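The values are calculated or read from the model by the stated rules, or taken from the named source; none is laboratory data. None of the values given here were measured: they were computed from a predicted structure. Positions of Cβ are backbone-derived with ideal geometry, glycine not excepted, and every protein chain shown enters the neighbour counts. We work out accessible area using only protein heavy atoms, side chains counted, and drop any ligands, DNA or RNA first. Shrake-Rupley method; radii C 1.70, N 1.55, O 1.52, S 1.80 Å.
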Amino acid sequence: MSETTEQPPRVSMAVIADGDRFLMIRRRQREGKLSWALPGGGIEADESAEQAAVREVAEETALEVKAVKVIGARIHPDTGADMTYVACKVVAGEARVEDAEELAEVAWVSLDEIPAYVPWGLYPPVQEHLAEQLTA
């Protein structure tokens, strides 16, 4: 008899810096204690984390982005999901709620505003990336 172990979901999150702000989304349904998050979602079987980040951003916000690099990866401490964080650059469009069933709103957030959106802070490599990328 073989044991089956359920694999944690594989999730890709897009880190989109533009000028002095970065993009966050608010989901209609909270995910654990999360209300605001980076845009992203599940990685499909036939795609990379970078491809998933680009696809999820388009599906959720109608924004066209290009993956630049993987910032980091971890097992999320609250959800157990296998998370990959991908730096993305805006190619075209304006961020808006494209998937109204999933998202309630989008916001461009400054570094100083992070505590209002994510009181416990962002994953440290993401925070460091944003501190380097965002202009004062």
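Selection of segment 25-74 for residues being open to solvent by 60 Å² or more (accessible area, probe 1.4 Å) and either closer than 24 Å to P115 by Cβ or among the aromatic types (F, W, Y) (or both) yields R26, R28, Q29, R30, E31, G32, K33, R74. Quick check: is even one residue across segment 90-102 open to solvent by less than 40 Å² (accessible area, probe 1.4 Å), among the aliphatic types (A, V, I, L, M) and under 12 Å from the mean Cα position of the chain (by Cα)? No: zero hits. Within segment 107-123, the set of residues being in a loop (DSSP other than H, G, I, E, B) and small (G, A, S) comprises S110, G121.
Restricting attention to segment 103-128, the residues that are within 15 Å of G19 (Cβ to Cβ) and either exposed (fewer than 14 other Cβ atoms within 10 Å of the Cβ) or in contact (Cβ under 8 Å) with a residue 12 or more places away in the chain (or both) add up to 6. Within segment 68-89, the set of residues being more than 14 Å from the chain's Cα centre (by Cα) and touching a residue at least 40 places away in the same chain (Cβ under 8 Å) comprises I75, D78, T79, G80.
If the condition is being under 12 Å from the mean Cα position of the chain (by Cα) and not aliphatic (A, V, I, L, M), then segment 45-63 contributes E50, R55, E56, E60, T61.
Note on segment 88-106: among residues that are among the small types (G, A, S) and part of a loop (DSSP other than H, G, I, E, B), the one that is farthest from V68 (Cα to Cα) is A100. In a residue-by-residue description of segment 73-81, the property of being polar (S, T, N, Q) and out of contact with any helix residue (DSSP H, G or I) (no Cβ under 8 Å at 6 or more places or on another chain) applies to at least one position.
Could you list all residues from segment 106-132 that are more than 16 Å from V11 (Cβ to Cβ), touching a strand residue (DSSP E or B) at 6+ places or on another chain (Cβ under 6 Å) and modelled with pLDDT of 95 or more? Passing the criteria: V106, A107, W108, V109, S110, H129, L130. For segment 79-86, the criterion of being within 24 Å of E6 (Cβ to Cβ), open to solvent by 70 Å² or more (accessible area, probe 1.4 Å) and part of a loop (DSSP other than H, G, I, E, B) is met by at least one residue.
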